[in-house]
1. Give me the helices (runs of 4 or more DSSP H) completely within the stretch 14-64, filtered to those with at least 1 residues that are modelled with pLDDT of 95 or more, ordered by residue number.
2. So residue 9 fits all but one of (1) touching a Ser or Thr at 6+ places or on another chain (Cβ under 7 Å); (2) open to solvent by less than 90 Å² (accessible area, probe 1.4 Å); (3) not acidic (Asp, Glu); what number is the exception?
Amino acid sequence: MEKIQPAARLIDDLYADSMELLEMVMSLNDEFGIEIGAVDVAGMRTVADVREAVARHLLGAQVPG
């Protein structure tokens, strides 16, 4: 069994389509209580990009306003 690598490309390597990407982002938003928006999604090309977007939003959510 092969593990998904951070450099794996969402569309080219994992064959995700736009609907699957949308569902993934909605699930991440629900699971982590964050709001990944269209700007972030447009920049997501790899698994590492997704991880970085989630981390960035989690860190932003913890900063006192």
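1. Working: elements: 18-32, 38-42, 47-62.
Because the criterion is at least 1 residues that are modelled with pLDDT of 95 or more, the helices (runs of 4 or more DSSP H) in the stretch 14-64 that meet it are 18-32, 47-62.
2. (2)
For every residue, the table says whether it meets (1) among the acidic types (Asp, Glu); (2) touching a residue at least 60 places away in the same chain (Cβ under 8 Å); (3) touching a Ser or Thr at 6+ places or on another chain (Cβ under 8 Å); (4) open to solvent by 70 Å² or more (accessible area, probe 1.4 Å).
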residue	(1), (2), (3), (4)
2	yes, no, no, yes
15	no, no, no, yes
18	no, no, no, yes
25	no, no, no, no
28	no, no, no, no
36	no, no, no, no
43	no, no, no, no
49	yes, no, no, no
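The values are calculated or read from the model by the stated rules, or taken from the named source; none is laboratory data. Only a predicted model underlies this, so the values are computations on that prediction, with no experimental measurement involved. Using ideal geometry, Cβ is built from the backbone for each residue, glycine included, and neighbour counts are taken over all protein chains shown. With ligands, DNA and RNA removed, areas are computed over all heavy atoms of the protein, side chains included. Shrake-Rupley method; radii C 1.70, N 1.55, O 1.52, S 1.80 Å.
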